[in-house]
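Notes follow the structure.
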Amino acid sequence: MKRRVAIFASGGGSNMAALLASMGKDHPAEPCIVFSNDPEAGALSKARAAGVPIAALSHRPFGQDRAGFEAGIQTILQEAKPDIICLAGFMRILTEGFIECWRGKMLNIHPSLLPKYRGLHTHSRALEAGDAEHGCTVHEVTPELVAGPILGQARVVIHPGDTAEDLAARVLEQEHVLYPMVLERFARGERQRVDLP
């Protein structure tokens, strides 16, 4: 039986689209829902076009009530019944309580070679540090921000004259390769780390 995957996205959904495209007939998983905290997110229209069920719940009416917002997400998930959650550009920090409910079942992709550059602006930070390489990481989600077990990394060389935009574009290409690869392995029960050159 295929594992059911919920994908969370807040923006255009390029990583979400890569994940959806990867889940063909021989894949051990299938998408069951794409969720966004932004009802206008491009990810939702892409998922709808792909025939995947969608749901949206804006965080804005909840203000500082993160628990209330997450209770709404849990209601959506109870109906979708996912086995795995993939955060794919989901721009909300989830509470420890929510994460604990899905511990060992939730993945995230982050645009840096963790443990370097947790948080935002990773490409400019790598350039400012004079790094020779940069990349992306897929990891399990734990209550500590982007600190869960690393399941895969992909590296890109930083060239002289690179801008943050140049670097972001090359890293994104690798994200679209790495995340589907790690999800397929994860859905098969494999937790060994994979590294792409």
Legend entry - Extension gain (nm, one decimal) between Leu127 and Glu40, 0.36 nm per residue minus Cα-Cα: 28.1 nm
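Stretched out fully, how many nm does the piece from Ser58 to Met91 gain, at 0.36 nm a residue minus the Cα gap?
10.7 nm
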Legend entry - Cα-based Rg / Dmax (Å) for the range 46-122: 14.0, 37
Legend entry - Most mobile of Ile99, Ile109, Ile54 in a GNM of the chain (Cα contacts under 10 Å): Ile99
Inset, instruction - Would you mind calculating the relative contact order of the chain from Cα pairs under 8 angstrom and at least 6 residues apart, reporting the percent as a whole number? - result: 20
Inset, instruction - Enumerate the lysines that Lys105 could reach by cross-link, defined here as Cα to Cα under 17 Å, with residues fewer than 8 away along the same chain left out. - result: Lys2, Lys81
Legend entry - Helix-only mean residue ellipticity at 222 nm for the chain, each DSSP H run of n ≥ 4 adding -39500 (n - 2.57), per residue, nearest 500: -10500 deg cm²/dmol
Inset, instruction - Go ahead and set up a Gaussian network model of the chain, Cα springs under 10 Å, then flag whichever of Ala169, Ala80, Ala17 fluctuates most. - result: Ala169
Inset, instruction - Within 10 Å, count the other beta carbons around each residue, average over each peptide in 183-196, 25-38, and list them highest first. - result: 25-38, 183-196
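Run through the DSSP bridge list for the range 1-122 and note the antiparallel percent, rounded to the nearest 5.
Antiparallel: roughly 0 percent of the beta bridges in the range 1-122.
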Inset, instruction - Can you pull the one-decimal nm distance between simple spin-label points at Asp65 and Ala168, each 7 Å off the Cα toward Cβ? - result: 3.4
Legend entry - Nearest-0.05 FRET efficiency for Arg103 and Lys2, computed from C-beta distance (R0 22 Å): 0.50
Legend entry - Accessible surface of the chain [probe 1.4 Å, protein heavy atoms]: carbon and sulfur percent: 54
Inset, instruction - Using label points projected 7 Å from each Cα along Cα→Cβ, tell me how many nm separate Asp195 and Lys116, to one decimal. - result: 1.3
Inset, instruction - Choose one answer from Val157, Val141, Val171: the residue with the largest mean-square fluctuation in a GNM of the chain with alpha-carbon springs under 10 Å. - result: Val157
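The values are calculated or read from the model by the stated rules, or taken from the named source; none is laboratory data. Note that the coordinates shown come from a computational prediction; the quantities given were computed from them, not determined experimentally. Every residue, glycine as well, gets a Cβ built from its backbone with ideal geometry; the counts of neighbours run over all protein chains shown. Heads up: the accessible areas ignore ligands, DNA and RNA and are worked out on the full protein's heavy atoms, side chains in. Shrake-Rupley method; radii C 1.70, N 1.55, O 1.52, S 1.80 Å.
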